[in-house]
Structures are given as C-alpha cells and as structure tokens.
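The values are calculated or read from the model by the stated rules, or taken from the named source; none is laboratory data. Please read all numbers here as calculations on a predicted model, not as lab measurements. Because the Cβ atoms are built from the backbone with ideal geometry, glycine has one as well, and the counts that use them run over all protein chains shown.
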Amino acid sequence: MKHIFQKGKDSTQTLLLLHGTGGTEQDLLPLADLIDGNANVLSVRGNISENGMPRFFRRLAEGVFDEEDLIFRTKELNDFLDEAAEKYDFDRSNVTAIGYSNGANIAASLMFHYQDALNTAILHHPMVPRKGIDLPDLSGKKVFIAAGTNDPICPASESAELQSLLQNAGAKVELFWENRGHQLTMEEVKAAADWYKNK
Ligand code: MLT
C-alpha cells in the first residue's frame with residue numbers, strides 16, 4: 001500500500017494514520033505530532049479510488065458499505081501492517097491507529113475482525129463498520145471515539161452503539177462529544193491528545 005514511514009525517537013510506539021474519503025497519506029501527519037511527537041509514524045493511502053477519491057474500502061452508497069470489500073480490505077491492511085512491522089522493525093503489538101471518517105471506519109473494522117491488529121485506536125467520526133458479528137476479545141485495548149451530536153453521516157446513536165459493542169468485547173472506550181457535525185475539529189484532537197497521555 002502507498003505509505004509514508006517516519007522513524008520516531010521513541011520507536012516503541014507506532015501511530016498508524018488513516019485518512020478520510022478523498023484524502024491522502026499526507027493529511028493526518030500534523031495530528032501525529034499533537035498526539036505523540038516521539039512515536040514512529042506509518043501513514044497509509046487507501047487502495048480504493050471512488051471517482052478519483054482515495055478510500056480504504058468500497059461503498060454502495062453514502063453510509064452503505066460493500067461488506068465483501070470491507071472484509072477483503074481489512075485483511076489487506078492487517079497483512080500490510082504485519083509486513084511493515086518486519087520491514088521497518090517496529091513493535092507490531094504496539095500500534096495506535098488515528099483515523100478520520102472512512103479511515104476511522106477501517107480502523108474500527110481492524111478491531112472488529114482481528115484481536116491484535118491494534119493496541120489503541122483514536123477514531124474521529126467512525127460508524128459501526130459491520131453489524132451482527134461477534135467481536136474478538138478486546139480486553140486491554142483502548143479506544144477514543146470523537147463524535148458530533150449533529151453529524152449527518154454518523155448519527156449519535158451509532159457512535160453510542162460502537163462504544164457499547166467495543167466495550168462489550170472488553171475494550172476500554174472513551175466517547176467524546178462535540179456539538180458539531182462530521183468535521184475533524186482541533187478541540188477533539190486536543191481531547192484525544194489528553195486522553196492518549198493519560199490512558
Ligand atoms: C464511509 O464511507 O466510510 C463513511 O460514509 C464516511 C465517509 O464518508 O468516508
């Protein structure tokens with residue numbers, strides 16, 4: 001997968017950056033500095049192009065995911081992380097995803113399908129990636145969800161549902177609300193940074 005890797009001063013921690021629809025691997029680089037300026041950074045571009053807009057998996061319509069492709073792309077990203085950990089010599093068991101929108105959805109999907117894909121996840125405006133499946137045991141995993149009370153793409157009830165699905169699987173989940181829509185705000189990034197430092 002097309003990506004950027006930057007070795008950090010503290011190479012025990014790796015931040016995996018996953019952009020939103022139409023973004024690139026450049027987009028979330030400023031967030032890495034705000035969350036953990038010493039960590040390794042692995043920023044990946046989604047392999048799907050929707051009318052020229054990069055994404056991490058196909059969708060059939062706004063908010064309606066192509067489930068078969070989601071499963072395939074989730075495995076592809078998990079395999080890529082295994083390969084990248086070998087190539088760049090980082091600790092595969094200590095990866096924190098930072099995802100926005102479509103990138104947050106594939107990060108959540110990694111946790112829904114693979115027990116040890118991610119240690120920690122910061123999800124900005126995620127949805128429930130798949131309904132009606134059993135999640136792996138996520139004991140010890142930590143998740144921060146930033147959601148908007150007026151998000152037209154992800155209704156508030158879906159953010160609460162994602163929190164409870166992850167919690168029921170054993171993860172420790174913090175849900176941060178803003179009285180905003182789907183946009184990624186500096187307030188939620190600061191809240192994520194505070195949470196990350198104290199987690
Ligand atoms: C998705 O397709 O992953 C969500 O609808 C968010 C987005 O618009 O990217």
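If you go through region 12-59 and keep only what is touching a helix residue (DSSP H, G or I) at 6+ places or on another chain (Cβ under 9 Å), over 18 Å from T74 (Cα atoms) and of a type in the set (S, T, Y), you end up with just T14. In region 104-120, the residues that are near the ligand (Cβ under 10 Å from one of its atoms) reach residues that are at pLDDT 95 or above and aromatic (F, W, Y) with C-beta atoms within less than 6 angstrom, at least six apart or across chains, in these pairs: I106/F56.
Taking region 62-91 as the range and being among the small types (G, A, S) and modelled with pLDDT of 95 or more as the test, the residues that pass are A84, A85.
From the list L184, L162, the lone residue that is in contact with a Pro (Cβ under 7 Å, 6 or more places away or on another chain), within 16 Å of the ligand (Cβ to nearest atom) and modelled with pLDDT of 95 or more is L162. Just to verify a result, which residue in region 50-102, among those that are outside any helix (DSSP H, G or I), closer than 21 Å to L29 by Cβ and of a type in the set (S, T, Y), is nearest to the ligand (Cβ to nearest atom)? It comes out as S101. For region 61-76, the condition holds for no residue, the condition being that it is touching a strand residue (DSSP E or B) at 6+ places or on another chain (Cβ under 6 Å) and more than 29 Å from G148 (Cβ to Cβ). From the set of residues in region 131-159 that are assigned to a loop (DSSP other than H, G, I, E, B), among the charged types (D, E, K, R) and within 16 Å of the ligand (Cβ to nearest atom), which is farthest from I106 (Cα to Cα)? So the residue we want is D151.
Inside region 89-116, residues that are among the charged types (D, E, K, R), touching a Ser or Thr at 6+ places or on another chain (Cβ under 7 Å) and over 27 Å from G132 (Cβ atoms) make up a count of 1. Within region 45-65, residues that are under 22 Å from K131 (Cα atoms) and free of Cβ contacts under 8 Å to residues at least 24 places away in the same chain have Cβ atoms under 9 Å from residues that are in a loop (DSSP other than H, G, I, E, B) and more than 8 Å from the ligand (Cβ to nearest atom) in these pairs: R58/D66; R59/D66; L60/D66, counting only partners at least 6 apart in sequence or on another chain.
Just so you know, in region 126-153 the residues that are touching a residue at least 60 places away in the same chain (Cβ under 8 Å) and not basic (K, R) include one that is nearest to G63 (Cα to Cα), and it is I153. When each of A121, A84, A107, A39 is tested for being over 16 Å from the mean Cα position of the chain (by Cα) and surrounded by 23 or more Cβ atoms within 10 Å (Cβ to Cβ), the lone residue that passes is A39. Cβ separations smaller than 9 Å between residues 6+ apart or across chains give the following pairs from region 84-95 residues that are within 23 Å of K142 (Cβ to Cβ) to residues that are of a type in the set (D, E): A85/D91; R92/D82; R92/E86; R92/D116; S93/D116.
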